[in-house]
Each structure stands twice: as C-alpha cells, then as structure tokens.
Amino acid sequence: MACENNLVVKQIIDLYDQISKLECLKPSKNVDTLFGQLVSTCLPTDTNIDVTKMSDEVKDMRSNLIKLCGEAEGYLEQHFSTILGSLPEDQNPLDHLNIFPYYNNYLKLGKLEFDLLSQHSSHVPNKIAFVGSGPMPLTSIVLAKFHLPNTTFHNFDIDAHANTLASSLVSRDPDLSKRMIFHTTDVLNATEGLDQYDVVFLAALVGMDKEAKVKAIEHLEKHMAPGAILMLRSAHALRAFLYPIVDSSDLKGFQLLTIYHPTDDVVNSVVIARKLGGSTMTGVNGTRGCMFMPCNCSKVHAIMNNRCKKLMIEEFSAIE
C-alpha cells in the first residue's frame, strides 16, 4: 500500500485541509482543537512511513503544513508570553510558566537535551546561543533554571517584538535577568561572536524547508568555533509532518554524534554534532571548563536502555 493511502496519512491530509481554510491561526477553540488533533495523530512512532518517499503532492502538502504549524506555534507563544508579561509587578512570570500548554514537554525536552549534551561534552558550557528563541524562550529558560545555573544564554531572533516579549518574561527574575541576553538579528547576518559559544542550538522552525535549513547550518559551520557543539531539532516518522527533518548529509563540517528519536509526547528528535577541528576535552578558545558531574537520575540510562529496545537512538563513532 502506498504511503499516501495509509489511513493515518489520510487523516493528516484531512486535518491539513481544515487547518488551511482557517481565517486566522491565533489561539481559539477551533484552532486549538485542530492542532491538538494533528499532534495526536502524528505522535505514533511505530510506523515505517517515510515522508521523503511520498508523492510530490503529499510532499507539497507537508511543506505547507509545517509552515502553518510554525505560524500557529508563533501565535501561541506570543499569546501566552503576553499574558505572563502582563502579570502584576510583584509576580515573577517564570513562576507561572505552567499555564503554557506544552510546558511539560519543554521540561522533558530540556532534561533530555541536557543529558545528551553531558554525554558529549567534558565541561559545563560558559555561553550558549539559541537561534530562533521566539517570544517564549522556554529551552533557554528550562536549561538555565534547572540544569545550567552558571551558564549565560544568548537568544537570537529575527523578530524584535518576540525579543521584547521574551525579555519581559525574565526581567523580573533576579537570576535569569542577568544570564539571558537577547539579540534581534537574522542569524545569517551574525558573523562575529558565534565562535564564542560552547554550544549553539538551532530551533526546529529556523529554516522551514530543506534549502533554508541547510543554509543556516552552513552559516553556523562557517562561524562556530572548532570543537563547539551544535544541537538541532529534527523530526521522525509521522512527526515529520509537523517539523523539518535534519539529515546527516546536511551537517557538512560537523562530526555527527547522536540522533535521538523520542517515543513519548516529546515531538522533536534531537541531533547533536561537533564542529570539526577542535578537541573534545576543551571548551571554546581552548579553555577548560568544569567537568559535568554524574546525575544519579540521568535520563542517559533510559536512553541507553531504549537503544536496546527500539533502536531509537543512533550513535556515531568519532571521525576526525
């Protein structure tokens, strides 16, 4: 049976037809319901469906759907960031992040990415860049609050209004207001300074088609420091109808370390690569940072166990 004749794919196409006819993608009962159904439909990972082998018509639909998802996600973050930023002055917006519908997913994803980073870095990063941070920079916030209490986070976004909202979220927090910095720029215009980061995150929706994604990765490869870590969001199986896929072939100039495909309600896959030419034992500019301390409750153990069960993680040997 052709992939496009699969019942689940038909359901996704039907949801796309309904979503594409919406007059507005800002949060509303109808919008929330349709996107909730879409995410639930795309969550199963026990499928051999390969979106890259579907008909051109379905590929075009997928490309359009990813853009619609990105637009809706932007509106959703903007909506809740505005609410949190409007709280009374005596309240810290970061104490109320749980009102965001997908906050628990970010907690899980942040823990996962921290554990994976710990596996592939011998030192605690001093400076991290997040490209495409948006109006609710939840990855930076989660990592800063719960996993990297001494790291400075530089958040890059092309949208000045998104950065204004994001900055307002952390401005009343005595700790994060000092460790969260926001830059309004297109990452393709950012050249000087990218070599100062130990780790660079590239958001899933920076580069929503293959050409734009590869262009962003090529720019980072050109300007990141040798040995620095690049962490990317990707998608697997049906989840690739929601987010773009990052292939190993897209990572020229990097040593691919791990691709991890979650099987729970964390939608994004995580791709980790290292800029070629550096040492795995030192930080940016050759500085040696503090060693990561073992975490007794680390999800790394679950990751390795999962590898034996469903092979949802791929490890790559060091080739330099």
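The values are calculated or read from the model by the stated rules, or taken from the named source; none is laboratory data. Predicted model, so just to flag it, every value in this text is computed and none were measured. Reconstructed Cβ throughout: ideal geometry from the backbone, glycine too, with neighbour counts over all protein chains shown. All accessible areas refer to the heavy atoms of the entire protein, side chains included, with ligands and DNA or RNA removed. Shrake-Rupley method; radii C 1.70, N 1.55, O 1.52, S 1.80 Å.
Just one of the numbered conditions (1) open to solvent by 80 Å² or more (accessible area, probe 1.4 Å); (2) outside any loop (DSSP other than H, G, I, E, B) is not true of residue 106: (1).
Restricting attention to the range 112-125, and to residues there that are part of a loop (DSSP other than H, G, I, E, B) and over 17 Å from residue 156 (Cβ atoms), which single residue is modelled with the highest pLDDT? Out of the qualifying residues, it is 124.
Quick check, is residue 254 more than 20 Å from residue 129 (Cβ to Cβ) and modelled with pLDDT of 95 or more? So residue 254 fails the test. Residue 232 meets each of the listed conditions (1) at pLDDT 95 or above; (2) buried (at least 22 other Cβ atoms within 10 Å of the Cβ); (3) in a helix (DSSP H, G or I) apart from (3). Residues in the range 130-172 that are open to solvent by 20 Å² or more (accessible area, probe 1.4 Å) and either assigned to a loop (DSSP other than H, G, I, E, B) or among the aromatic types (Phe, Trp, Tyr) (or both): 132, 146, 147, 149, 150, 158, 159, 171, 172. Test residue 70 against the criterion of being open to solvent by less than 60 Å² (accessible area, probe 1.4 Å), closer than 25 Å to residue 262 by Cβ, out of contact with any helix residue (DSSP H, G or I) (no Cβ under 9 Å at 6 or more places or on another chain) and touching a residue at least 60 places away in the same chain (Cβ under 8 Å), and give yes or no. Here the answer is yes, as residue 70 does meet what is asked.
Figure legend. Inter-residue proximity from the range 235-261: first residues touching a residue at least 24 places away in the same chain (Cβ under 8 Å) and under 20 Å from residue 117 (Cβ atoms), second residues of a type in the set (S, T, N, Q) and surrounded by fewer than 19 Cβ atoms within 10 Å (Cβ to Cβ), beta-carbon distance below 6 Å, spacing 6+ or different chains. Indicated pairs: 256/248.
Between 270, 266, the distinction of being within 26 Å of residue 63 (Cβ to Cβ), among the β-branched types (Val, Ile, Thr) and modelled with pLDDT of 95 or more belongs to 270 only. Residues that are open to solvent by 80 Å² or more (accessible area, probe 1.4 Å) and of a type in the set (S, T, N, Q) were ranked within the range 19-54; the one that is modelled with the lowest pLDDT is 48.
Restricted to the range 88-103, and to residues there that are exposed (fewer than 15 other Cβ atoms within 10 Å of the Cβ) and more than 27 Å from residue 267 (Cα to Cα), the residue that is nearest to the chain's Cα centre (by Cα) is 91.
Looking at (1) within 16 Å of residue 74 (Cα to Cα); (2) hydrophobic (A, V, I, L, M, F, W, C); (3) open to solvent by 10 Å² or more (accessible area, probe 1.4 Å), can you tell me which one residue 124 breaks? Of the numbered conditions (1) within 16 Å of residue 74 (Cα to Cα); (2) hydrophobic (A, V, I, L, M, F, W, C); (3) open to solvent by 10 Å² or more (accessible area, probe 1.4 Å), the odd one out for residue 124 is (1).
Here's the yes/no breakdown for (1) surrounded by fewer than 16 Cβ atoms within 10 Å (Cβ to Cβ); (2) assigned to a loop (DSSP other than H, G, I, E, B):
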position: 178; (1), (2): yes, no
position: 200; (1), (2): no, no
position: 206; (1), (2): no, yes
position: 214; (1), (2): no, no
position: 222; (1), (2): yes, no
position: 227; (1), (2): no, yes
position: 240; (1), (2): no, no
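Scanning the range 184-198 for residues that are under 15 Å from residue 134 (Cα atoms) and crowded, with 17+ Cβ neighbours inside 10 Å yields one hit, 187. Screening 114, 80 for residues that are within 13 Å of residue 169 (Cβ to Cβ) and open to solvent by 20 Å² or more (accessible area, probe 1.4 Å) leaves exactly one candidate, 80.
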